[in-house]
Amino acid sequence: MKKSLYVLLTCIILAFTLGIFASATETETPDTTDGCLLGDVDFDGKITSADARLILRYSVSLEDLSDLAIAYSNIDMDETVSSADARLALRTSVNLESKNTHDYEITAYTAASCTLEGSLKAKCKDCAAEISMVTNKTGHTLEKEAPCDTVAICSVCATKVNVAAEHNYSSSGLCTFCGAVSKAQAFEALKEVVRSNGTNQENVLVYGEDLGEYYVALCYFAQDDYMYLYTGFGVISEDEYGVEHYGEYYNYLDLEKTFTSYESSMALVVDGITSIYIEGYIDSTKANHDAPGSFTLTHYEALEGIPDTSADVSYISEGMSLDAIDWLIDICKKHDIPLTADLLGFVNF
């Protein structure tokens, strides 16, 4: 039991230390060795953590090694390459184990597959030491019908394996193979629209449109690589003394690069003084022009003497945010950016 736990812990520690889930690379066999260190699997003349990583990955069929590299992976010279060999390589790399050299010649070799183990025999030209071992199964030989498929099939054993889709996104964020949309890349395309068409207003690039009720715009801070949707309108009112006051509502809807969060902040500015300021977020799955209630208020502050109008300004902020999203979708259509309300999460639009 203790031995099993020890081996398991060794595998776990080495896996995290050496990056077991990194992509596979096949080692090369040198033309001549003239004697190599046991554990020097990449044949660079020294034993490092990189060698230990290769040995560990090979031991669990995540790496394909040449026949000679397999021989030099078997540091303890037993019947197989295991995590124990990876541990020895790691300890040797920090001088906790002695280094041993052999000049191996492969005397017999049967290649493994993903279904069958192989075999290997090697003999040292200098000291006549011999090893006879079983070689680990190889990884699958995966093939996909299309690059965007998320399931590949091994051409040897027909095993199905989940894999990452290999999309080829255009500059607008549309995959040229399957039509899938990269929202992150679409975000970059939106920034390019603002860079190409916007005007510089106090170090902010603004690309907007007067919609009558609102002025809506994409605002981009190049220095911080940050973009948000702006909506604003002004109101002139007269107090009981006949004095006119100019009020402005400003609404900012933050856009994340993957369009997964819509945080809103709004201010009511009267005669240049911020009298009300709120913060909240829009739940895109609930947002509906005909049924308010997708805005959640997280912060409210108002100047002393102003009645609590949090419900009213929350309603205004929600309406302005949704109108801004409508405008954003129209802008995407205009510039051939493949974003729709559904892709932005607004499923009830």
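Mean residue ellipticity at 222 nm from the helices of the chain, using -39,500 (n - 2.57) per DSSP H segment of n ≥ 4 over the full residue count, to the nearest 500 deg cm²/dmol?
My calculation for the chain gives -8000 deg cm²/dmol from helical runs alone.
If r is the Cβ-Cβ distance from Ile236 to Asp336 and R0 is 30 Å, what FRET efficiency results, to the nearest 0.05?
Computed FRET efficiency for Ile236 and Asp336: 0.15.
Set the Förster distance to 35 Å, then compute FRET efficiency between Asn168 and Glu117 from the Cβ-Cβ distance, nearest 0.05.
Approximately 0.40, to the nearest 0.05.
In sequence order, what are the phi-derived ³J(HN,Hα) couplings for the range 42-57 according to the Karplus relation 6.51 cos²θ - 1.76 cosθ + 1.60 with θ = phi - 60°, rounded to whole Hz, with x for glycine and proline?
Residue by residue, the range 42-57 yields 8, 6, 9, x, 8, 9, 10, 4, 5, 5, 4, 4, 4, 5, 5, 5 Hz.
Let me know the shape class of the range 200-316, please: from the alpha-carbon gyration tensor, a ≥ b ≥ c as square roots of the eigenvalues, rounded when a/c is under 1.5, otherwise prolate if a/b is greater than b/c, or oblate.
Judged from the Cα gyration tensor, the range 200-316 comes out oblate (a/c at least 1.5, b/c at or above a/b).
Could you tell me what percent of the accessible area of the chain is made up of carbon and sulfur, with a 1.4 Å probe and every protein chain present?
The C+S portion of the solvent-accessible surface of the chain is 51 percent.
Can you list the residues, at least 5 places off or on another chain, whose amide H is less than 5 Å from the amide H of Glu97, using H built in the peptide plane?
The answer is Thr92.
When the Karplus curve 6.51 cos²θ - 1.76 cosθ + 1.60 is applied with θ = phi - 60°, which whole-Hz ³J(HN,Hα) does each residue of the range 173-185 get, with x for Gly and Pro?
x, 9, 5, 6, 8, 10, x, 5, 10, 8, 5, 5, 6
If you take every residue apart from Ala112 with its C-beta less than 13 Å away from the C-beta of Ala112, what net charge results, scoring Lys and Arg +1 and Asp and Glu -1?
-3
A 31 angstrom limit on the alpha carbon distance is what I want to check against. Which of Lys46/Lys160; Lys257/Lys334; Lys137/Lys257; Lys46/Lys144; Lys286/Lys333; Lys160/Lys191 exceed it?
Pairs exceeding the cut-off: Lys46/Lys160; Lys137/Lys257; Lys46/Lys144; Lys160/Lys191.
In nm, what is the difference between 0.36 nm times the number of residues separating Ile306 and Ala129 and their Cα-Cα distance?
Between Ile306 and Ala129, full extension yields 54.6 nm more.
Rounded to the nearest whole Å², what accessible area per residue is found for the chain with the 1.4 Å probe?
55 Å²
Once you list every other residue whose beta carbon is under 9 Å from the beta carbon of Glu263, what net charge do they have if Lys and Arg are +1 and Asp and Glu are -1?
Cβ neighbours under 9 Å give a net charge of -3.
How high is the relative contact order of the range 194-321, in percent, counting Cα pairs under 8 Å that sit 6 or more residues apart?
This gives 14 percent for the range 194-321.
As an exercise, use a Förster radius of 25 Å and the Cβ-Cβ distance of Gln223 and Ala291 to find the FRET efficiency, rounded to the nearest 0.05.
So, using R0 = 25 Å, E works out to roughly 0.05.
The values are calculated or read from the model by the stated rules, or taken from the named source; none is laboratory data. Everything numeric in this text was worked out from a predicted model, so none of it was measured. Here the Cβ is made from the backbone with ideal geometry for all residues, glycine too, and neighbour counts use every protein chain on show. Areas reflect the complete protein model, heavy atoms only, side chains present, ligands, DNA and RNA absent. Shrake-Rupley method; radii C 1.70, N 1.55, O 1.52, S 1.80 Å.
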